């Protein structure tokens, strides 16, 4: 009789790890969270690009008390592969790793209903990795294969499959060492000068769009560049389309070593912001091999339309609607945030307002034109909490010197709510939307159960709604100090004054 998933999971934890891992991972910090590594990342062609990221992953996991795992059989087979030996891939560099017993394939029923039937050895390898997520033998999967991301999304596991760069960014945020990602507009002609952005245009964009370089030379389009620190590592080009009802994201690419939603989602958010101001739809054109990016856009609400004359996938995001009416049994809430929390959750609003899109900066300190649309909140689980479909009005708390002090600044929509009482549950849920330190999560759990709320930013308000106006309208009597539900009548009064920028 096959062992139950619980017994198998227990046996995985009993596998002896390398002594270095035990020295780097103190018992008091053990989170019981397992990250499963796709072996192809370490041994496949082109793996050298990701070697530094994977090495940093192993060290960060060990320091935080997380377990980075591989299937022992697949790892040993990779080490003996003639091509891997010929390329002299140093697998010892990625230790410490916990070696797991052979991963079972999903049941035939799960393969048919959740995944796909196995037709080759590659299918079997992919299904073993996804089956480990489904059976809770691993909490997260680190993989770059776009097909794996698509199958995981189809099975409802998309948030638990991370690219190497996204996984490292999450671990860095847990350690309090995250680096900000900033989106800025740059002159179209400047990206043609030798440098990282020119290399991205030449290697990732031009092969599928032979007219892109001439467009940039004529300054035909808006170029959004994403910077990590001061290093440019991603680019997006927005241009007016023929039909007046839409604009196009004609190029979207990121540095190979940093690929993932953390890098590209802020660019898409800035492009959607421009489309919303114009009341137009946004279309995106991407090479068909960029499967991970295609999955990201679909998760953000884009629909595939087919291919264009150059073989690129066409995707469309409809014009952003205001969506003021609440759904049946829906609710609305005021979410008060401190100045620091507000800036962390909504960096594109800066200390007060969003930097002007495609114009001179409003202040000497450069801001960002976009941040990930998908946000995450950790709320106390003791009282009433929002439900999926509810609206959140972000309230900037009192902060002397901030023009946005005691004002409503943005609108968001709740997508999912999960009650958690264990640290490993919270870590698995928050990995795809990083932002909290491990110490902060632990302290919140020490106070009681936590609610993890996934929200999507609908946009900032074109005009701030100050506390005095809310009082005059009879919506609140004093500044909210905790998550506060609004009555249907109060929401109706607010909608008369809400206007997205």
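Looking at 439, 443, which one is closer than 21 Å to residue 385 by Cβ, out of contact with any strand residue (DSSP E or B) (no Cβ under 9 Å at 6 or more places or on another chain), modelled with pLDDT of 90 or more and in a helix (DSSP H, G or I)? Working first, answer last.
Values: 439 fails: closer than 21 Å to residue 385 by Cβ.
Exactly one residue qualifies, and that residue is 443.
Residue-wise test of (1) in contact with a helix residue (DSSP H, G or I) (Cβ under 8 Å, 6 or more places away or on another chain); (2) under 24 Å from residue 266 (Cα atoms); (3) touching a residue at least 12 places away in the same chain (Cβ under 8 Å).
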residue	(1), (2), (3)
423	yes, no, yes
429	yes, yes, yes
435	yes, yes, yes
439	no, no, yes
461	no, yes, yes
467	no, no, yes
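Within the stretch 171-195, take every residue that is more than 29 Å from residue 66 (Cα to Cα) and surrounded by 15 or more Cβ atoms within 10 Å (Cβ to Cβ) and give me the one that is nearest to the chain's Cα centre (by Cα). Steps first, answer last, please.
Of all residues in the stretch 171-195, those more than 29 Å from residue 66 (Cα to Cα) come to 183-195.
With the extra rule that they be surrounded by 15 or more Cβ atoms within 10 Å (Cβ to Cβ), the set shrinks to 183-186, 188, 191-192.
Details: 183: 15, 184: 19, 185: 21, 186: 24, 188: 27, 191: 26, 192: 29 Å.
Residue satisfying both the conditions and the ranking: 183.
Tell me which helices (runs of 4 or more DSSP H) are completely within the stretch 71-115 and hold 3 or more residues being surrounded by 15 or more Cβ atoms within 10 Å (Cβ to Cβ), within 31 Å of the chain's Cα centre (by Cα) and touching a residue at least 40 places away in the same chain (Cβ under 8 Å), or say none if there are none. Before you say what the answer is, go through the steps one by one.
Working: elements: 72-80, 82-86, 108-113.
Output list is empty.
Quick one: which residue in 490, 404, 468, 399 is buried (at least 16 other Cβ atoms within 10 Å of the Cβ) and not in a loop (DSSP other than H, G, I, E, B)?
490
With the structure loaded, tell me whether residue 282 is modelled with pLDDT of 90 or more, more than 16 Å from the chain's Cα centre (by Cα) and either outside the structural domain of residue 457 (by TED's automatic domain parsing) or closer than 17 Å to residue 313 by Cβ (or both) or whether it fails that test.
yes
The rows are residues; the columns are (1) over 30 Å from residue 160 (Cα atoms); (2) in contact (Cβ under 8 Å) with a residue 24 or more places away in the chain; (3) assigned to a helix (DSSP H, G or I).
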site: 200; (1), (2), (3): no, yes, yes
site: 215; (1), (2), (3): yes, yes, yes
site: 225; (1), (2), (3): no, yes, no
site: 243; (1), (2), (3): yes, no, no
site: 250; (1), (2), (3): no, yes, no
site: 262; (1), (2), (3): no, yes, yes
site: 269; (1), (2), (3): no, yes, yes
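The values are calculated or read from the model by the stated rules, or taken from the named source; none is laboratory data. Just so it is clear, the structure is predicted and the values come from calculations on it, not from any experiment. Every residue, glycine among them, receives a Cβ derived from its backbone with ideal geometry; neighbour counts consider all protein chains shown.
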